[in-house]
Amino acid sequence: ANNTAVEFLHVVNEPIGVLLLEGKPYWDSKFLMRTLAADPVITLDSLVRMTESRYLRRTLRVGRGIAASAPEASAPAADDGRQERWKVVGGAGDLLADAAALKPYQIVVLGRDTEVFLTDAAVNNLRQWMSRQGGSLVCYRGSPAGRPGEKLAQVLPVQWSEASESRFHVRLTEEGRSLRWLGDLDDRLSGDVLSQMPTLATVSRVERPRPLATVLATAGAAGGGGEWPVVTCQSYGTGRVVVIEGAGMWRWAFLPPQEHEYGEVYGALWQSLMRWLVSGTALRPGQSMDLRCEKVLFEASDPASATLLMSAEAVGGGPPPTVELRVAGEENAIGDYAATAAGSDPGVFRVVFGKLPPGQYEALVTGGGATAPSTRFDVRAPVREQLELAVRADLMAKIADDSGGAGLESGTGREVAGLYEAFARRAQPERVRRIPAWDRWYVLVGVLGIWAVCWGVRRAGGLI
């Protein structure tokens with residue numbers, strides 16, 4: 001049958017620890033904290049800079065076991081058993097100075113102007129936390145600092161350059177749509193859902209993503225002018241780094257009544273992002289090696305690949321093992337593929353299988369016996385255009401704008417002829433060639449005739 005697919009179910013058996021650091025409070029941070037706090041599987045700690053010497057720290061946990069080292073104000077417990085506590089602290093530079101402070105968290109979210117939190121020791125701890133513990137770093141308002149330091153810039157998947165303020169709409173790429181962050185909203189709402197949301201604003205522009213980065217969404221200026229990456233992710237060790245460009249996403253959660261059907265987009269996007277970040281990262285306790293695919297469905301036109309994770313003990317001093325690829329359900333192997341280091345962090349290797357014909361495949365580490373790590377994935381022919389027959393007005397308008405064409409309103413012959421004539425006038429303007437009058441034969445004959453008449457008149461009058 002051709003209607004089967006491989007799906008992996010990752011069960012979150014403990015709350016997702018999220019630490020949010022904000023150096024420049026804005027509506028974006030307020031709505032994001034409210035959305036994360038409403039998620040029952042997330043434990044949220046936030047530290048917001050109010051003034052140079054005052055920081056507000058809030059903690060929202062399930063249950064009542066919240067340890068405090070200083071007197072704190074306590075909010076009433078919510079109906080779901082949550083308890084909120086907050087306190088005002090005088091500094092934040094030493095928050096990430098201790099590597100142990102990051103152990104309770106799986107995700108760290110950075111806002112704007114967070115360099116006060118990102119000391120050299122803090123950045124080193126963040127890098128080790130991502131590479132060894134599988135933590136994920138999210139920059140949800142573009143660059144986390146005015147000028148990121150060298151160590152922090154090496155972690156981020158993009159580079160920025162200054163630009164004038166612009167507004168843009170967000171569009172998911174093919175890689176972004178394959179993650180299904182919006183669930184069934186794509187099916188219930190017509191068209192590209194994110195492109196229907198309010199525009200975001202930015203005063204910087206992403207120059208280019210890193211070579212190993214994946215662009216999940218792009219942005220085009222509201223008045224035209226090309227596209228650039230707006231949601232970019234990159235693996236770092238066993239963790240991930242995600243950068244979201246732009247400000248004003250809070251308006252996605254505060255829509256007017258006539259757009260109430262899009263009210264679930266903001267919450268679904270962030271909840272799916274949090275779950276995606278904690279799925280498939282780091283080695284589980286007792287695991288020395290694991291083989292994973294970033295997605296379980298590849299198109300035949302794209303190269304298939306997998307990631308091999310190894311603990312420090314498993315890496316040792318020798319080369320990593322090879323990976324055997326076979327068709328699912330068959331014993332004969334298609335071939336053995338070498339694992340190459342992915343970046344400078346030890347223990348993370350990339351295996352590229354190349355372009356494969358449609359089918360279901362199984363990859364497993366050689367030499368591991370019956371307990372060898374393995375993974376499965378599907379390769380399918382590109383059938384999106386055959387299944388999605390609806391006209392994408394936004395895409396057609398962009399093609400027409402980029403190619404110098406125009407969209408047809410009625411499609412009548414008169415309209416087509418009129419547009420073609422207008423295009424021909426623009427593309428092939430009428431050329432005027434000036435020819436001297438002396439180059440015309442009749443002008444020369446006329447001049448000679450006038451001379452002859454004048455000579456005859458003067459001759460008859462006796463003047464000659």
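The values are calculated or read from the model by the stated rules, or taken from the named source; none is laboratory data. Predicted model only: the values in this text are computed from it and were never measured. Positions of Cβ are backbone-derived with ideal geometry, glycine not excepted, and every protein chain shown enters the neighbour counts.
Filtered by the rule that a residue be over 22 Å from S178 (Cβ atoms) and aromatic (F, W, Y), segment 291-340 gives a lone residue, Y337.
Answer yes or no: is there a residue in segment 275-284 that is at pLDDT 85 or above and either of a type outside the set (A, V, I, L, M) or closer than 15 Å to P373 by Cβ (or both). Yes: one or more hits.
Just wondering, is there one or more residues in segment 355-365 that are among the β-branched types (V, I, T) and surrounded by fewer than 17 Cβ atoms within 10 Å (Cβ to Cβ)? No: segment 355-365 contains no residue that is among the β-branched types (V, I, T) and surrounded by fewer than 17 Cβ atoms within 10 Å (Cβ to Cβ). Would you confirm whether or not segment 384-392 contains a residue that is touching a strand residue (DSSP E or B) at 6+ places or on another chain (Cβ under 9 Å), loosely packed, with under 14 Cβ neighbours inside 10 Å and of a type outside the set (D, E, K, R)? There is no residue in segment 384-392 that is touching a strand residue (DSSP E or B) at 6+ places or on another chain (Cβ under 9 Å), loosely packed, with under 14 Cβ neighbours inside 10 Å and of a type outside the set (D, E, K, R).
Of all residues in segment 108-157, those satisfying the criterion of being over 20 Å from the mean Cα position of the chain (by Cα), buried (at least 23 other Cβ atoms within 10 Å of the Cβ) and over 30 Å from L308 (Cα atoms) are T114, F117. Could you tell me whether A372 is over 23 Å from the mean Cα position of the chain (by Cα) and not charged (D, E, K, R)? So A372 passes the test. Residues that are exposed (fewer than 10 other Cβ atoms within 10 Å of the Cβ) and either hydrophobic (A, V, I, L, M, F, W, C) or not assigned by TED's automatic domain parsing to the domain that holds P211 (or both) are absent from segment 344-354 altogether. Within segment 115-166, being out of contact with any Leu (no Cβ under 9 Å at 6 or more places or on another chain) and under 19 Å from L273 (Cβ atoms) holds for G142, V158. Comparison of W181, W250, W228 shows that the only residue that is touching a residue at least 12 places away in the same chain (Cβ under 8 Å), in contact with a Gly (Cβ under 9 Å, 6 or more places away or on another chain) and either not small (G, A, S) or not assigned by TED's automatic domain parsing to the domain that holds W160 (or both) is W228.
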